[in-house]
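The values are calculated or read from the model by the stated rules, or taken from the named source; none is laboratory data. No experiment lies behind these values; they were computed from the predicted model shown. Note that we place each Cβ from the backbone using ideal geometry, even for glycine, and neighbour counts take in every protein chain shown.
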Amino acid sequence: MEMMAKYWWLNLIRGLLALALGIILLVMPAIFSILLLVMFVGAYFLVDGIFSLIFFFTHPKTNHRWWIFAGGIAGILAGIVVFVWPGMTAVFLLFFIAFWALITGIFQIIYAIAQWKTLPGKGWILTGGILSIIIGAILLSNPVAGALALMWVIAFYLVLFGIMLIIFSFVQLGKGKAAAPAATA
């Protein structure tokens, strides 16, 4: 708990960044918001790849570390691809999500039907499968509207997540201040 209280400001920064990005996505014209979101994904891939390589080179005794190296290289390459072809990346991601939703929806429905007699909560799995298929079909039938809808969902998520992290950071700060007098007593 003491460590969390000491670094409360990290969650504050994360929260402020998420909140700012969410608000920017909500107020910018849609096409710019989608491209900005794609660029952030590219930046994440790049930074994650770099950190994976740093881990690889600084932890020489870690078992199976070549997977970390391969993941780092893949992340860097994916980040470069996103920055070189952001428009194509946005289209690819949209279709990837659409087909993923369709395929997982089909498998959820098959699983729910196959396990109908023994599976508790089968109706939820069946409903989830149906909703996944509907979302996939909507994304494929109208990619522009689908991209906008995904962008809006992500924007609202970032706003809510940012607010939650900001509140949590101040809770951490308060716990640290409350623990400090107890530690000196």
Item to check | Residue match in the range 82-99 (condition: closer than 26 Å to L35 by Cβ and touching a Phe, Trp or Tyr at 6+ places or on another chain (Cβ under 7 Å)) | outcome: yes
Checklist entry - Does any residue of the range 124-147 turn out to be part of a helix (DSSP H, G or I) and within 20 Å of G22 (Cβ to Cβ)? => result yes
Checklist entry - Among the residues of the range 23-32, is any of a type outside the set (F, W, Y) and touching an Asp or Glu at 6+ places or on another chain (Cβ under 9 Å)? => result no
Item to check | Selection from the range 1-28 of residues that are part of a helix (DSSP H, G or I), aliphatic (A, V, I, L, M) and either in contact with a Pro (Cβ under 9 Å, 6 or more places away or on another chain) or over 18 Å from Y157 (Cα atoms) (or both) | outcome: M3, M4, A5, L10
Item to check | Qualifying position, being surrounded by fewer than 16 Cβ atoms within 10 Å (Cβ to Cβ), in contact (Cβ under 8 Å) with a residue 60 or more places away in the chain and either touching a His at 6+ places or on another chain (Cβ under 7 Å) or more than 15 Å from K6 (Cβ to Cβ) (or both), among I163, I138, I154 | outcome: I163
Item to check | Only one of L53, L17 that is at pLDDT 90 or above, under 24 Å from L150 (Cβ atoms) and in contact with a helix residue (DSSP H, G or I) (Cβ under 9 Å, 6 or more places away or on another chain) | outcome: L17
